[in-house]
Amino acid sequence: MTDPQDPKVAPSRGSVADEKLRRAELAGLDILDTGPEERFDRIARLAALIFDTPTALISFIDHDRQWFKARIGFNLCETSRDEAFCRYTLAYAQVFVIEDASIDPRFRDNPLVVGYPYIRFYAGRAIRGPTGQPVGSLCVIGHNPRGFDDRSREILRELALWVEAELARGVEEPGRLARTSHEGGRLVATADAGETIYEHIDRLLGVAAKANHRLAILHMRVDNLPEFKLVHDAGRARRFIGRWLNNLRNRNSDLLYIDRLSETAFIGVIDYCGSADAARRRCDALRAQAVQETRFDNIHFVFNTTAGMSLFPDHASSAAELVNKARLAHSTRRWGDRTALFTPSIALRSQRHSLLQERFETALLDGSLYFHWQPIFGNAGRTLVGFELLARWYDAQLGAVSPNEFIPLIDRQERLRRALVMNAIETAVAQLAHWQQHHDDPPDVAINIPGSEFYREDFPDLVASVLRRHDVSGAHLVFELTERSLIPSFAATAETMQRLRQIGIRMAIDDFGSGYSSIAYLTELPISSVKIDKSVVQQIDRAAQHYRLMQSIVDLAHGQNLPTVAEGVETRAQLELVTEMHCEYTQGFFLGYPQPLAQADALVAQQAS
Ligand code: G
Ligand code: MN
């Protein structure tokens with residue numbers, strides 16, 4: 001073995017196979033990004049006392065970073081692996097000593113030597129996992145050059161063996177922290193009886209501000225708690241949750257606080273240091289513990305948790321605001337995200353959303369929300385057969401607001417969603433009444449209806465009353481539903497559709513082929529046509545496989561006696577191809593843009609003459 005005490009020698013990472021073994025051992029220990037534990041802190045404290053150094057560390061060497069499980073007199077919670085003195089220690093069987101880093105060619109340019117924490121003296125001993133792989137180190141660090149005699153080396157070795165024994169022992173036994181100040185680098189505060197969650201967190205924030213600590217506020221939810229309650233009684237659910245919270249508190253001394261905020265939501269406060277990412281990893285680790293905590297009372301249950309997180313002092317200085325921001329990050333997290341960190345852009349987006357929702361109602365009344373009519377043509381003979389009504393919004397202050405932005409927002413609020421739907425139906429039926437009077441064969445009008453309307457029992461009656469008022473039959477109305485909005489229940493949807501059909505209204509499946517297209521939509525719902533999504537249609541003149549996909553969808557629909565509409569046709573080539581496939585209808589910019597009613601009306605008149 002090369003002697004790392006020889007300053008000419010740089011440590012290698014070891015062979016790829018060695019590094020793999022080492023990392024596997026480290027992973028098996030499950031220690032990275034866990035919270036501080038008194039049993040490790042104690043050893044580090046002792047080391048600093050014995051050797052009279054300002055700093056003592058227990059570190060672990062991950063793929064590309066050095067992470068600290070215990071840190072006495074040291075503010076970073078991780079460094080890059082390349083800077084780590086400990087990577088030398090790792091490769092060495094004995095205690096590794098640098099008496100003066102500033103004159104050692106391997107270290108004199110090291111950022112930890114030229115900058116904070118200005119290391120001069122270093123002594124470290126490798127820490128090995130249960131199978132002997134070096135996973136980390138125990139070290140002491142000083143700001144002045146000094147020596148380290150054999151007896152000191154012997155003591156450091158003993159302390160390192162103690163760390164190894166603790167590692168092998170696994171998780172710390174419960175032992176509740178109950179102090180009320182900033183002690184020994186750790187932030188603690190006990191609960192006052194009768195204090196609200198917000199009061200308690202505000203008090204923690206006060207302590208943290210004085211001690212210069214950073215806190216992460218978690219808004220965590222057990223997403224499947226309602227399922228648990230369906231199977232087990234409420235008392236048992238309460239005990240289960242109580243026990244789970246206690247375990248989280250006892251095992252994580254950096255989790256300063258955790259309590260229940262509502263039925264399924266919990267608020268936690270983590271004392272963290274380093275980057276926002278470190279806080280997020282810590283939150284992920286806590287959630288992972290929640291998942292493991294599955295056996296109690298002979299019940300086996302796996303909690304699914306998600307969380308949002310805000311940071312003190314970065315994001316706000318009051319509990320109320322921090323909790324709100326954590327909640328906001330949680331509720332707007334992207335699909336698949338487990339812990340979502342608050343960012344200022346989330347706040348901006350949410351402000352914009354509230355503003356749009358606020359202004360939408362007035363928009364419906366003052367005409368800044370209006371409709372464009374996009375023509376639909378038969379492919380045989382290019383005759384106009386109908387229009388799709390498309391909502392447009394031009395706000396005096398905000399300018400044009402895209403339907404891609406406002407429709408999803410409106411859809412979330414039942415009142416607004418329904419107001420828009422009824423407005424569209426009113427607009428369509430009023431125009432149909434006009435066309436009926438002036439033309440023998442009025443065009444169809446298609447309206448987009450969110451799937452949720454089909455779960456409302458009064459919907460068909462509402463529609464029927466609009467038709468009655470204008471003395472119009474439903475025969476020229478088509479309701480378009482996207483496949484995505486229908487998933488929850490076929491039975492309820494089918495029943496509403498049947499009632500609508502009784503008043504003559506036809507149903508079309510919209511955007512077919514854009515999402516989780518289900519053939520069941522075509523066979524089990526009383527629909528009359530299939531609109532094939534533009535994402536499919538616009539590819540057919542580019543690649544054979546898209547052409548074949550489109551042809552298959554057309555054939556599939558025809559197999560159920562359903563005509564098809566090609567959406568988003570933009571070129572002559574696409575128009576020719578969809579016609580050649582026997583797709584019946586076309587809607588798209590090539591034949592007609594969504595246009596104001598006056599133009600649509602002119603088109604109808606032109607067709608009639
Ligand atoms: O999902 P639905 O079919 O309801 O959406 C129709 C949308 O597609 C409208 O917003 C309309 O403006 C748009 N659209 C209609 N025809 C075309 C087209 O030829 N190309 C593109 N890119 N969009 C279209
Ligand atoms: Mn549509």
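Each reported figure results from applying straightforward, stated rules to the coordinates on display, with no laboratory input. Bear in mind the structure is a predicted one, so any value in this text is a computation, not a measurement. All Cβ positions, even for glycine, are placed from backbone atoms using ideal geometry, and neighbour counts span all protein chains on display.
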Calculated from backbone phi, Karplus (6.51, -1.76, 1.60) coupling profile of segment 463-470 in Hz, x at Gly/Pro: 5, 4, 5, 5, 4, 4, 4, 9
Model label zone, A380; criterion: amide N under 16 Å from point 7 Å along Cα-to-beta-carbon; scope segment 572-600: 578-586
In degrees rounded to 10, the 0-90 angle between helix 344-366 Cα long axis and the longest Cα principal axis of the chain is 20 degrees
Share of Cα-Cα pairs in segment 502-577 beyond 17 Å, in percent? 42 percent
For the chain, share of DSSP beta bridges that run antiparallel, in % to the nearest 5: 75 percent
Apply the Karplus parameterisation 6.51 cos²θ - 1.76 cosθ + 1.60, with θ equal to phi minus 60°, to every residue of segment 121-136 and state each ³J(HN,Hα) to the nearest whole Hz, in sequence, with x for glycine and proline. 9, 9, 9, x, 10, 5, 10, 10, x, x, 9, x, 6, x, 10, x
Rounded FRET efficiency, nearest 0.05, which uses the C-beta distance separating D314 from E195 and R0 of 22 Å: 0.30
Using only Cα atoms, figure out Rg for segment 198-327 and give it as a multiple of 2.2 N^0.38 Å. 1.06
Under a crude label model (7 Å from the Cα following the beta-carbon direction), how far is M422 from A168 in nanometres? 7.4 nm
Please compute the modelled spin-label separation between H353 and S15, points set 7 Å along Cα→Cβ, answer in nm with one decimal. 5.4 nm
Binning every alpha carbon pair distance of the chain at 20 Å from zero, what are the percents per bin? 16, 34, 26, 20, 4, 0
For K69, residues with placed amide H under 5 Å, excluding near neighbours: I58, S59, F60
If you place +1 on the Cβ of every Lys and Arg, -1 on the Cβ of every Asp and Glu, and leave all else neutral, what size is the dipole of the chain about its Cα centre, to the nearest 20 Debye? 1680 debye
Segment 503-609: chymotrypsin sites (Phe, Trp or Tyr not before Pro) falling in loop per DSSP and having at most 13 other Cβ within 10 Å: Y516, F589
Hey, can you rank 133-139, 490-496 by average C-beta count inside 10 Å, highest first? 133-139, 490-496
Listed highest first by mean packing, meaning other Cβ atoms within 10 Å per residue, what order do 419-429, 230-240 come in? 419-429, 230-240
In degrees between 0 and 90, to the nearest 10, how far off the longest principal axis of the chain does helix 319-331 point, with axes built from Cα atoms? 60 degrees
Please name whichever of I447, L409, S80 sits farthest to the positive end of the charge dipole of the chain, dipole taken about the Cα centre and charges placed at Cβ: Lys and Arg +1, Asp and Glu -1. S80
Quick calc, segment 223-353, dipole around Cα centre from Cβ unit charges on Lys, Arg (+) and Asp, Glu (-), nearest 20 debye, gives 140 debye
Please go through segment 359-436 and write out the trypsin sites (Lys or Arg not before Pro) that DSSP classes as loop and that have at most 16 other C-beta atoms within 10 Å. R382
By how many degrees, 0 to 90 and rounded to 10, does the Cα axis of helix 16-29 deviate from the longest principal axis of the chain? 90 degrees
